[in-house]
Amino acid sequence: MYPDDPDDPLSRRPRFRPIPVRMLAPNVITLLAICAGLTSIRLSTEGRMELALAAIVFAAVLDGLDGRVARLVKGQSKFGAELDSLADFVNFGVAPGLILYFWQLHELGNGGWIAAMVFAISGGLRLARFNATIDDPNKPAFAANFFTGVPAPAGAITVLLPVYLAFLGLGRLPATLTAVYTLVIAFLMVSRLPVFSGKAVRLRVPPEMVLPVFVSVVFFVALLISYPWYILSAGTVLYLISLPAGWLSYRRQEGKTAAQSAVASEGQASAPFPPAVPDNTQDERPARLN
């Protein structure tokens with residue numbers, strides 16, 4: 001046989017296995033989200049801030065869809081998880097920071113750039129911590145209902161509140177105040193603050209409520225398109241107000257778990273020892289043999 005003989009099993013090159021379409025669909029959605037985030041950066045450099053914000057919101061919608069689509073079609077993969085983390089860093093860390101810098105923070109010079117850079121870095125650190133602790137076996141069961149710190153998509157939508165208010169005609173905040181607000185949101189992203197996630201909530205829609213739910217979703221989307229700055233401003237304020245409620249809920253569940261553990265340990269400690277059984281095996285053995 002010749003070295004290049006196709007019939008020689010040693011000369012055959014290994015081929016990659018074909019990838020099912022269901023594995024590609026979530027990654028395509030993630031790539032579209034990255035395109036939206038990069039486009040928002042370009043639009044912000046051109047001064048078209050309204051379209052830049054719309055691209056960020058669109059990227060957040062796609063970010064919420066890719067994971068659900070992956071679970072729906074059973075297309076989860078480690079590659080998709082890593083790609084999603086990179087997309088979140090670009091879309092919800094780098095892009096919002098640059099939007100704020102080109103919109104107002106550049107007025108502070110290096111100080112404004114530091115605020116924008118700290119926000120982007122905080123987004124990356126928050127995502128790295130999430131990936132490192134996602135499979136932590138020491139987490140209590142109720143911790144699955146909470147994020148540690150404000151998640152990156154929510155942080156991106158929240159940090160842009162000064163821009164929403166300016167588009168509502170309320171005027172720009174002072175650049176220094178915008179920088180301080182940006183740093184506060186960055187701190188909330190990397191903090192240990194428990195934030196309710198709602199992932200463990202399993203809601204089932206009764207058959208008679210399917211159409212009303214569809215109508216409600218369409219109505220909300222129509223409101224978001226028609227009055228985007230009102231909806232985004234109100235949603236951001238309500239989200240910030242809800243953060244203490246999530247912390248209180250976490251502390252309450254943590255207290256219940258600690259109390260149950262204490263009661264269980266006390267019950268084990270106070271349980272009486274079993275009575276000693278006399279060793280009569282030597283006396284009983286002859287009777288059994290007889």
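Only the coordinates and a few stated rules stand behind these numbers; no lab work does. All values derive from a computational prediction rather than experimental measurement. Ideal geometry is used to build each Cβ from the backbone, glycine not excepted, and the neighbour counts take in all protein chains shown.
Can you compute 3J(HN,Hα) from phi for each residue in the stretch 229-240, using the Karplus curve 6.51 cos²θ - 1.76 cosθ + 1.60 with θ = phi - 60°, rounded to whole Hz and x for Gly and Pro?
Along the stretch 229-240, the couplings run 6, 5, 5, 5, 5, 5, x, 5, 5, 5, 5, 5 Hz.
Can you work out the Karplus-derived ³J(HN,Hα) for every residue in the stretch 105-116? Use 6.51 cos²θ - 1.76 cosθ + 1.60 with θ = phi - 60°, whole Hz, and x for glycine or proline.
Along the stretch 105-116, the couplings run 5, 5, 5, 8, x, 5, x, x, 5, 5, 4, 5 Hz.
In what sequence, highest mean first, do 152-164, 221-233, 47-59 appear when ranked by Cβ atoms within 10 angstrom?
Listed from highest to lowest mean packing, they are 152-164, 47-59, 221-233.
For VAL237 and LEU24, what is the calculated FRET efficiency with R₀ set at 45 Å and r taken between the beta-carbons, to the nearest 0.05?
0.70
Search the structure for amide H atoms under 5 Å from the amide H of PHE146, placed 1.01 Å from N in the peptide plane, and list their residues when 5 or more places away or on another chain.
Residues meeting the criterion, in which the H sits 1.01 Å from N, are SER197.
What list do you get for MET117, MET189 if you sort them by fewest beta carbons within 10 Å?
MET117, MET189
Listed highest first by mean packing, meaning other Cβ atoms within 10 Å per residue, what order do 34-45, 87-98 come in?
The packing order, highest mean first, is 87-98, 34-45.
With the Cα gyration tensor of the stretch 44-155 in hand, convert its eigenvalues to equivalent ellipsoid semi-axes via √(5λ) and list them largest first in whole Å.
Calculated on Cα positions only, the semi-axes equal 29, 18, 11 Å.
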